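What follows is one structure encoded as structure tokens, with my remarks underneath.
Just so it is clear, none of the values below were taken in a lab; they were calculated from the coordinates. These numbers were taken from a predicted model, which means no experiment stands behind them. We place every Cβ from the backbone using ideal geometry, glycine too, and count neighbours over all the protein chains shown.
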Amino acid sequence: MRRSCVKHNGFMKINIPNTGSLRLNARVWSCKFQGPARGIRLFAIPNSDDGHLTSAMLEEDTTMNKVQNSEANSFLSNWSPPRYLWRGLSVLVLAGQVITRIIKGKVHWRNTLQQLERVGPRSVGVCLLTAAFVGMAFTIQFVREFTRLGLNRSVGGVLALAFSRELSPVVTSIVVAGRIGSAFAAELGTMQVSEQTDTLRVLGSDPVDYLVTPRVIASCVALPFLTLMCFTVGMASSALLSDGVYGISINIILDSAHRALRSWDIISAMIKSQVFGAIISIVSCAWGVTTLGGAKGVGESTTSAVVISLVGIFIADFALSYIFFQGAGDSLKNCV
């Protein structure tokens with residue numbers, strides 16, 4: 001250690017090579033200097049006999065290690081998974097709870113009937129209107145191209161297969177997702193932010209039994225019937241347009257459709273619509289019960305629920321179509 005001169009104001013400065021500098025008081029000097037790896041406290045007390053400093057080296061300072069440990073602990077305690085991750089997990093958990101309730105028979109039937117009326121009869125008008133115009137739009141494209149090839153008798157079969165396998169369940173589910181799924185998410189989100197779901201728990205009612213399960217059952221029951229009605233209206237509108245505009249008789253369209261359709265085509269459409277109804281209701285309810293942030297959070301949950309439901313419908317449609325319809329088909333060989 002190398003010592004410098006003592007100043008008149010009672011302070012002195014000691015230069016220590018490769019470690020830094022420290023400051024000493026005139027009475028009891030306490031200084032702290034830190035090296036690159038650890039911190040050490042040095043105390044220096046003046047000797048009463050000759051006035052020179054007497055220094056004492058103490059144990060290693062552990063403040064730096066404590067700060068590092070506290071920073072690591074605070075980072076782990078403040079970390080939370082991304083919102084989309086735990087919302088996705090909530091969909092799986094909610095689906096498992098609904099299946100368990102249905103198996104055990106814990107269903108609020110009065111609320112289920114109310115939701116069934118809401119999903120089914122009140123959605124018939126918009127679903128049928130959409131199916132009619134979609135059917136006429138596809139008829140225009142098919143008739144124009146098939147007439148040039150001389151395949152007028154195949155138009156009805158192609159339309160029937162397209163409507164039964166893909167268009168009817170998908171179009172119906174899209175309409176229901178926009179109308180019913182958004183309503184489910186908004187209602188449950190409002191109840192969540194206003195703490196009404198907590199009130200149900202205080203009163204001894206499980207929100208899954210009272211709110212979620214009836215909506216899931218109603219969607220799974222109502223969508224197959226809506227799909228069947230949309231298929232019927234779509235085919236009727238296509239036949240009328242073909243007869244009135246393009247001169248293809250209604251009997252030819254219906255006979256071709258009858259030859260091309262199989263019972264499995266209708267059954268697969270019903271199965272698809274049930275799966276789509278489950279996706280719409282569970283996703284919308286899960287997004288609703290995980291809503292945060294007041295009115296803004298309710299709006300974000302409603303929009304996100306509809307978008308996620310549509311994406312889930314398209315993914316499920318591809319998976320089910322790949323499973324149901326494999327290999328080369330022969331449905332149109334009787335229509336040519």
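Laid out as a table, the results:
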read-out: Estimated vicinal HN-Hα couplings, Hz - segment 104-121 in sequence order (Karplus 6.51, -1.76, 1.60; Gly, Pro = x); value: 7, x, 8, 10, 8, 5, 5, 5, 5, 5, 5, 5, 5, 5, 6, 6, x, x
read-out: Karplus-derived 3J(HN,Hα), 6.51/-1.76/1.60, for each residue of segment 310-321, Hz, glycine and proline x; value: 5, 4, x, 5, 5, 5, 5, 5, 5, 4, 5, 5
read-out: Added length on full extension, which subtracts the Cα-Cα distance from 0.36 nm per residue, L292 to V202; value: 30.4 nm
read-out: Whole-Hz couplings from phi, Karplus 6.51/-1.76/1.60, listed for segment 154-169; x for Gly and Pro; value: 9, 5, x, x, 5, 5, 5, 5, 5, 6, 6, 7, 10, 5, 4, x
read-out: For segment 83-323, the spread of Cα positions along each principal axis, largest first, Å; value: 69, 36, 31
read-out: For E145, E166, order by how many other beta-carbon atoms lie within 10 Å, fewest first; value: E145, E166
read-out: Set of segment 222-242 residues, backbone N closer than 16 Å to the point 7 Å along the Cα-Cβ line of M136; value: 233-242
read-out: Ranked by how many other beta carbons lie within 10 Å on average, peptides 198-211, 115-128 from highest; value: 115-128, 198-211
read-out: Net length gained if the chain between I250 and F318 were fully extended (0.36 nm per residue, minus Cα distance); value: 21.3 nm
read-out: Cα-based Rg and Dmax for segment 187-336, where Dmax is the largest Cα-Cα distance (Å); value: 21.3, 67
read-out: Residue exposure sequence - L188, L320 - by fewest surrounding Cβ within 10 Å; value: L320, L188
read-out: Gain upon complete extension [L89, S263; 0.36 nm per residue less C-alpha separation]; value: 58.9 nm
